[in-house]
Every structure is written in C-alpha cells, then in structure tokens.
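The values are calculated or read from the model by the stated rules, or taken from the named source; none is laboratory data. Predicted model only: the values in this text are computed from it and were never measured. Neighbour counts run over all protein chains shown; Cβ positions are idealised from the backbone, glycine included. These accessible areas exclude ligands, DNA and RNA; they are computed on the full protein's heavy atoms, side chains included. Shrake-Rupley method; radii C 1.70, N 1.55, O 1.52, S 1.80 Å.
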Amino acid sequence: MKPVRIDADKTFPPRECPGCAMEVPANNNRCPICGYDFPNPSPRQKHMKFWGAVIMLVLFIFVMLRLF
Ligand SMILES: [Zn+2]
C-alpha cells in the first residue's frame, strides 16, 4: 500500500466512465479503455456558479429587507 496513492485517491476520487462503466482515475481525462473524453469543469463555469450564488444571496437579502 502506497500512502501517496491514498492521498491521490482522497483528493481525486475515481470517476465512472459513461462509455464503458469502468472506474477511471480522476487525473485521467480520457478513459484508457474506451477513449471517452471526460468534460473538464472549466474555471469559468466555477466562476459563473460563484456569481450566481452571490446574486441569489443579494436578492434574498433584498427581499428580506423589504419584508421588514
Ligand atoms: Zn470508458
């Protein structure tokens, strides 16, 4: 058992390939069995999610302020 491997598994859990249902290590962006390309979540999408949450929070606070 290699401790480095455990750390890697913790940080990057293996994903199930939609193409062949095999477990693919998260650091592999392409399935070694069927060659399926995993869509990589881009930082831009994360950014959009963050701003979406901020806007929702601001709207929520605004509605709460109007209620009182
Ligand atoms: Zn596959």
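Across the protein chains, with a 1.4 Å probe defining accessible surface, the residues M64, M56 rank M56, M64 from largest area downward. Between the amide H of R15 and those of V24, A26, distances stay under 5 Å, these residues lying 5 or more places away or on another chain, with hydrogens modeled in the peptide plane. Summarising the amide proton neighbourhood of C20: residues at separation of 5 or more, or on other chains, whose placed amide H is nearer than 5 Å comprise an empty set. Using the Cβ of M22 as centre and a radius below 15 Å, the other residues enclosed give a net charge of -1, where K and R count +1 and D and E count -1.
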